[in-house]
């Protein structure tokens, strides 16, 4: 068996074993589990082949992160950060075809929570890092590998903590690659584009609060806190924010138009995007700001008017839009409702082009000769938001060649999350080539 073959076989085992470690992040310190066990697993696999690793608990017991560095041929060049998170969102086993923490390998897939978000990329990174160290591969420049906690709750005990408290670990890093990019979309019989994430919307989880006059539920009330907050939530949830095309989204639409012959007129952009199939949900969320109410809380008894009522709204803002977005929100909320941040992470946008993205494209073409790379914006968020604070240009590049009929976007945080075995092996080969030429 060749060394490359060994790495391809190993990635399936690594990904499966990582999934079997339950790293559910509930957002609550008392119930979040498994990150230390996963970090120790990763650290063990790295030290086994000769890496010097640093394992750090980031502000709370068990919230563990693993960092190591592989020296490159030219230390004067900026280093590349390759990062992945170890935590996953919760999963209800009763809803799944297989147990979400089984790591089952069957029907051509590796199954389980984290299979695409993002223990697949962690497994690929770990397999390639191990191969490089075993074989004495010297990349063109330093590579920092980071396996972090808490991405699914904003990174306060992971990437954000590391950026604030241990920026020295990322000394010299000028660029970074992480999750939610590099996956394929089949356009025709044998035409695939690979979407590279070059931008992310900002995240603002906002708590709304209204105060009113408490009293008996049988009386007339013109100052009801529940009514105030409910009306504000309805106005906000039903509002359509203006269409705004950022540089990344414009580049995506232009390149997709060239590849498909489709037109994307601004006066019917949603209708045109619908022709992209499942991808339309992902792209459609990146042409406007959004504010989706997710939680309501008020009262303690059916016949008592409470003095306060609260709601939580998940807000996502396009790059450069935050001030205008907040002005619009305040107009919708009106004078009776106040707002405050629960979580606030900025939008990021990186120019697409240059040696790094060219290296991504070349590595993909080596494995898929017709591959085309196209930039896109992620409507969600990743740890790139934290690492961008250190001045890094951040991209999503976790390469996977996917079956044409797989609704990949629905697998993120979804039921029966799974990744094709051959996609994992493809991604390992691509990542290997990329890191040799980056």
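What are the residue pairs meeting all of these: first residue in the range 43-68, first residue assigned by TED's automatic domain parsing to the domain that holds residue 127, second residue at pLDDT below 95 and in a loop (DSSP other than H, G, I, E, B), Cβ atoms under 6 Å, and 6 or more apart or on different chains?
Taking only residues 6 or more apart or on different chains, the pairs are 60/29; 65/58.
Quick check on my filter: what residues within the range 392-407 are assigned to a loop (DSSP other than H, G, I, E, B) and over 23 Å from residue 170 (Cα atoms)?
Selection gives 399, 401, 402, 403, 404, 405, 406, 407.
When you look at residue 406, is it in the same structural domain as residue 155 (by TED's automatic domain parsing) and in contact with a strand residue (DSSP E or B) (Cβ under 7 Å, 6 or more places away or on another chain), yes or no?
Against the criterion (in the same structural domain as residue 155 (by TED's automatic domain parsing) and in contact with a strand residue (DSSP E or B) (Cβ under 7 Å, 6 or more places away or on another chain)), residue 406 does not qualify.
Here's the yes/no breakdown for (1) closer than 21 Å to residue 285 by Cα; (2) at pLDDT 95 or above; (3) crowded, with 22+ Cβ neighbours inside 10 Å:
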residue	(1), (2), (3)
179	yes, yes, yes
182	yes, yes, yes
188	no, no, no
204	yes, no, yes
216	no, no, no
225	no, yes, yes
229	no, yes, yes
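Report whether or not residue 72 is in the same structural domain as residue 419 (by TED's automatic domain parsing), closer than 18 Å to residue 138 by Cα and touching a strand residue (DSSP E or B) at 6+ places or on another chain (Cβ under 8 Å).
yes
Just give me the residues in the range 35-58 being crowded, with 17+ Cβ neighbours inside 10 Å and in a loop (DSSP other than H, G, I, E, B), in sequence order.
If the condition is that a residue be crowded, with 17+ Cβ neighbours inside 10 Å and in a loop (DSSP other than H, G, I, E, B), then 51, 58 are the ones that fit.
Among 353, 370, which is free of Cβ contacts under 8 Å to residues at least 12 places away in the same chain and farther than 24 Å from residue 85 by Cβ?
353
So residue 220 clears everything in (1) modelled with pLDDT under 95; (2) surrounded by fewer than 18 Cβ atoms within 10 Å (Cβ to Cβ); (3) in contact with a strand residue (DSSP E or B) (Cβ under 6 Å, 6 or more places away or on another chain) except one condition, right? Which one?
(3)
Looking at the range 75-86, can you tell me whether even one residue there is part of a loop (DSSP other than H, G, I, E, B) and surrounded by 17 or more Cβ atoms within 10 Å (Cβ to Cβ)?
Yes: one or more hits.
As an exercise: evaluate residue 141 against (1) within 17 Å of the chain's Cα centre (by Cα); (2) part of a loop (DSSP other than H, G, I, E, B) and give the number of the one condition it does not meet.
Only one criterion in (1) within 17 Å of the chain's Cα centre (by Cα); (2) part of a loop (DSSP other than H, G, I, E, B) is unmet by residue 141, namely (1).
Across the range 393-405, what is the total count of residues that are buried (at least 20 other Cβ atoms within 10 Å of the Cβ) and more than 17 Å from the chain's Cα centre (by Cα)?
The total comes to 2.
Looking only at the range 157-189, count every residue that is free of Cβ contacts under 8 Å to residues at least 12 places away in the same chain and closer than 30 Å to residue 279 by Cα and tell me the total.
Residues meeting the conditions: 2.
Looking at 73, 115, 104, which one is in contact (Cβ under 8 Å) with a residue 60 or more places away in the chain and under 19 Å from the mean Cα position of the chain (by Cα)?
115
Which condition breaks for residue 337 when tested against (1) under 28 Å from residue 307 (Cβ atoms); (2) surrounded by 14 or more Cβ atoms within 10 Å (Cβ to Cβ); (3) free of Cβ contacts under 8 Å to residues at least 12 places away in the same chain?
(3)
May I ask you to list the residues in the range 344-365 that are surrounded by fewer than 16 Cβ atoms within 10 Å (Cβ to Cβ) and under 30 Å from residue 310 (Cα atoms)?
Across the range 344-365, the qualifying residue is only 344.
Taking the range 91-136, which residues are assigned to a loop (DSSP other than H, G, I, E, B), crowded, with 21+ Cβ neighbours inside 10 Å and in contact with a strand residue (DSSP E or B) (Cβ under 6 Å, 6 or more places away or on another chain)?
113, 114, 115, 116, 118
Looking at the range 366-378 only, could you name the residues that are surrounded by 21 or more Cβ atoms within 10 Å (Cβ to Cβ) and part of a loop (DSSP other than H, G, I, E, B)?
Result: 371, single match.
The values are calculated or read from the model by the stated rules, or taken from the named source; none is laboratory data. These numbers were taken from a predicted model, which means no experiment stands behind them. When we count neighbours, we look across all protein chains shown, and the Cβ atoms used for this are built from the backbone with ideal geometry, even at glycine.
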